[in-house]
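Report on one structure; see the data block that follows.
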Amino acid sequence: MAVTILDTPCPVCGEKKLEYRVERLDIPHFGETLQTTLMCQGCDYKTTDTLIVSQKEPTRYEIFVDSEDDMMVRVIRSTSGTIKFPDLGITVEPTPLSESFISNVEGVLNRVKDVLMQAIDGADTESQKLLGKRLAETIELVRNGKQPTTFILDDPFGNSAIVSEKVKKRLLTEEEVRELKIGMFVLEK
Ligand SMILES: [Zn+2]
């Protein structure tokens, strides 16, 4: 692991205590990735990214999850990855503030549920709240292996992955790539 102290002030506290780490991770069935972490020794500021060394083509990973064991399947979502649970009507697109993460299917469902709970709190109508609560219950069933569902992870830069022998992997078509957001600021004229 390489650690570098940057001669750049922290964007949050302004102190020159930014530490940059690059770590190699060798993931079974998947290959080599680099995890980069930028963290401040003076405050809580931290940001991570995961770069896949070997894959660069636009890729879709798809897995049918139908057991509690499937919850432990490893998921790497880079800042450009789009998460989809088509059976549940859920799509989580990257935003410019998206962070990459290495987690598992359960961790992904927890993140989706957190976002959903915020949406329920902010919902305008009772029927929206009810719809949100039903979806939260369904997510809970998936988490317990009681509701089978399809989980898709698309990445136009091939930097995201689902790591499992059950997974189906294919290249995205040009049209599919065009429909994806990439989590970057796009300046329009
Ligand atoms: Zn700081």
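The values are calculated or read from the model by the stated rules, or taken from the named source; none is laboratory data. Computed from a predicted model, the values in this text were never measured in an experiment. Quick reminder, even Gly has a Cβ in these numbers, built from the backbone with ideal geometry, and neighbours come from all protein chains shown.
Of note:
- Criterion: surrounded by fewer than 17 Cβ atoms within 10 Å (Cβ to Cβ) and part of a helix (DSSP H, G or I) - qualifying residue of Lys129, Lys181, Lys146, Lys169: Lys129
- The listed residues are Gly81, Gly107, Gly42, Gly122, and the only one of them that is among the small types (Gly, Ala, Ser), away from the ligand (no atom under 16 Å from the Cβ) and over 25 Å from Glu165 (Cβ atoms) turns out to be Gly122.
- Counting only strands (runs of 3 or more DSSP E) that sit wholly inside segment 51-118, those with at least 3 residues that are in contact (Cβ under 8 Å) with a residue 12 or more places away in the chain and in the same structural domain as Asp154 (by TED's automatic domain parsing) are 59-65, 74-77, 82-85, 101-104.
Table: residues versus (1) closer than 23 Å to Thr138 by Cβ; (2) modelled with pLDDT of 90 or more; (3) away from the ligand (no atom under 16 Å from the Cβ); (4) hydrophobic (A, V, I, L, M, F, W, C).
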residue: Val3; (1), (2), (3), (4): no, no, yes, yes
residue: Cys13; (1), (2), (3), (4): no, yes, no, yes
residue: Glu19; (1), (2), (3), (4): no, yes, no, no
residue: Glu23; (1), (2), (3), (4): no, no, yes, no
residue: Gln35; (1), (2), (3), (4): no, no, yes, no
residue: Ile52; (1), (2), (3), (4): no, no, yes, yes
residue: Thr59; (1), (2), (3), (4): no, yes, yes, no
residue: Val65; (1), (2), (3), (4): yes, yes, yes, yes
residue: Leu97; (1), (2), (3), (4): no, no, yes, yes
